[in-house]
Amino acid sequence: MTTVVPTSEEDPALAVVRFTADLAWADAGPDVAEPQVTRLCMEAQECMVMGRWLDLASLMLTSADLVFSKVSDKDLECIFTVICNLVSKLENPAEELEVAKLISTKITQQPNDKPAMRLKILFNLYNLLEGPDSRFFVYMRSLNLALNGKVTEHIIPSFKKIDSFLKEWNIGVKDQRDLFHNIANVLKENKSSAKDSFKFLTKYLATFSGEDSYSMSEAKEEAVLTIIEFVKAPDMFQCDLLDMPAVGQLEKDAKYALVYQLLKIFLTQQLDAYLEFQAANSTLMKSYGLVHEDCITKMRLMSLVDLGSNESGQIPYALIKDTLRINDDEVELWVVKAITAKLIDCKMDQMNQVVIVSRCTERIFGQHQWQSLRSKLATWRGNVASLINTIQANKVVEEGLQATQGMAIR
């Protein structure tokens, strides 16, 4: 296979036009092919002379797209490296965006044909771009390509840099909403951890605040999905979904009110409330793929957390037994499970049959929790100030004694 890398003084862009045109017209015979190749090369030269880089990109992409399946991955990467490098010739951000749109749109038209290679080309294009608008557009195209071409594993590592990307792109709320939604879909397709998918679904829902009812309604399905993800996840025990308007709209929704009620049970109530809900809505639970036994396990842990949040910091074994609906010999087992899940820090006083709690995870962190934290911080601040005053007073007394002893020696 002929390599695309030029070995003469010919411009790389012109070499690519000639190479791809030769391949595209190869089956037509030399009498037809040669005039067409010459015509395309002349058009390319004219675009280069006139600085019409958008037209040149369009010309190069037309031929390159035809030979996508006819060349090796190495040659293909080389061809598109030259095409993508056209953006480096543009100084106007608007023109750069137009060329970036043209290239990325063409590359993503057939996501199932060498999707990993297409995604690599988009990554190369992204790194060549300077404008934040262009970069954001190409990244969104990359997400769609990864999802449609089923090569999500190649783009997931970039999610760790999303916060820095957001600062760089400086995009509006609507674009952030689309970004978080697409990332959540990619993670779901990849069957990544529920926590990762839940994180971006939550970010998506958080973009809906103060919206009109029509705009908010588009988030209903995702709000329900996020609630179900939280309830299903065996290792998630805290969230702020109840504070989000996109979730709050479900409370009085004819279709989804019960889903909202279920979330409220998991975040603010105990096992008995869940069992009552499940008995009345078992069909609904099954329709969302919720397993009753798994829900009981999670609600027992969350109920134990609720017991640990009382002011006394002590939970009688008998209260744990009754609340969790377990046997006497299972109490310490469930306490250990809660410790293992890092929900509570505590000691078990077997002699007095009580659990002494030193720290407890809050299921929700709303106004009440902030006030409690403020009160604790004020108390700690007062204690520290008192300690500092005591140390300073002792220091003054000690210095006085040392001075008195010095005078006695003289």
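Observations
- Helices (runs of 4 or more DSSP H) contained in the stretch 1-115 and holding at least 2 residues touching a residue at least 40 places away in the same chain (Cβ under 8 Å): 12-24, 53-66, 73-84, 93-107
- Residues being part of a helix (DSSP H, G or I), β-branched (Val, Ile, Thr) and within 15 Å of Ile356 (Cα to Cα) - total across the stretch 299-345: 6
- The one condition in (1) open to solvent by 50 Å² or more (accessible area, probe 1.4 Å); (2) outside any loop (DSSP other than H, G, I, E, B) that Asn182 fails to fulfil: (1)
- When residues of the stretch 64-94 are limited to those that are more than 28 Å from Gly131 (Cα to Cα) and touching a helix residue (DSSP H, G or I) at 6+ places or on another chain (Cβ under 6 Å), the one surrounded by the most Cβ atoms within 10 Å (Cβ to Cβ): Val67
- One residue stands out among those in the stretch 109-129 that are under 24 Å from the mean Cα position of the chain (by Cα) and not hydrophobic (A, V, I, L, M, F, W, C): the one that is surrounded by the fewest Cβ atoms within 10 Å (Cβ to Cβ), which is Asn127.
- Test: residue in the stretch 230-241 that is of a type in the set (Phe, Trp, Tyr), without any contact (Cβ under 8 Å) to a residue 24 or more places away in the chain and more than 20 Å from Lys188 (Cβ to Cβ): no
- Restricting Leu275, Leu267, Leu250, Leu242 to residues that are outside the structural domain of Arg300 (by the TED database), touching a Ser or Thr at 6+ places or on another chain (Cβ under 9 Å), not small (Gly, Ala, Ser) and not in a loop (DSSP other than H, G, I, E, B) narrows the list to Leu242.
- Of all positions in the stretch 213-222, at least one carries a residue that is open to solvent by 70 Å² or more (accessible area, probe 1.4 Å), assigned to a loop (DSSP other than H, G, I, E, B), more than 26 Å from Leu343 (Cβ to Cβ) and not assigned by the TED database to the domain that holds Arg325.
- The combined condition, being modelled with pLDDT of 95 or more, more than 24 Å from Met244 (Cα to Cα) and out of contact with any Cys (no Cβ under 6 Å at 6 or more places or on another chain), is fulfilled by Phe137.
For every residue, the table says whether it meets (1) out of contact with any helix residue (DSSP H, G or I) (no Cβ under 9 Å at 6 or more places or on another chain); (2) under 23 Å from Met236 (Cα atoms); (3) not assigned by the TED database to the domain that holds Leu275.
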position	(1), (2), (3)
Leu307	no, yes, yes
Ile320	no, yes, yes
Leu324	no, yes, yes
Asp328	no, no, yes
Val331	no, yes, yes
Trp334	no, yes, yes
Ile339	yes, yes, yes
Asp345	no, yes, yes
Met351	yes, no, yes
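- When Ile364 is tested against (1) surrounded by 18 or more Cβ atoms within 10 Å (Cβ to Cβ); (2) of a type outside the set (Gly, Ala, Ser); (3) modelled with pLDDT under 95, only condition (1) is not met.
- Every listed requirement among (1) under 17 Å from Ile227 (Cβ atoms); (2) out of contact with any helix residue (DSSP H, G or I) (no Cβ under 7 Å at 6 or more places or on another chain); (3) among the charged types (D, E, K, R) is met by Glu251 save one, (2).
- Checking Gln238 against (1) farther than 25 Å from Thr340 by Cβ; (2) open to solvent by 60 Å² or more (accessible area, probe 1.4 Å); (3) not basic (Lys, Arg), the condition it does not meet: (1)
- Any hit, the stretch 313-334, residues being among the polar types (S, T, N, Q) and either in contact (Cβ under 8 Å) with a residue 24 or more places away in the chain or buried (at least 16 other Cβ atoms within 10 Å of the Cβ) (or both): yes
- Test: residue in the stretch 166-174 that is polar (S, T, N, Q), more than 20 Å from Ser58 (Cα to Cα) and open to solvent by 50 Å² or more (accessible area, probe 1.4 Å): yes
The values are calculated or read from the model by the stated rules, or taken from the named source; none is laboratory data. Keep in mind the model is a prediction, meaning the values are calculated, not measured. Every residue, glycine among them, receives a Cβ derived from its backbone with ideal geometry; neighbour counts consider all protein chains shown. Ligands, DNA and RNA are excluded from the accessible area calculation, which covers all protein heavy atoms including side chains. Shrake-Rupley method; radii C 1.70, N 1.55, O 1.52, S 1.80 Å.
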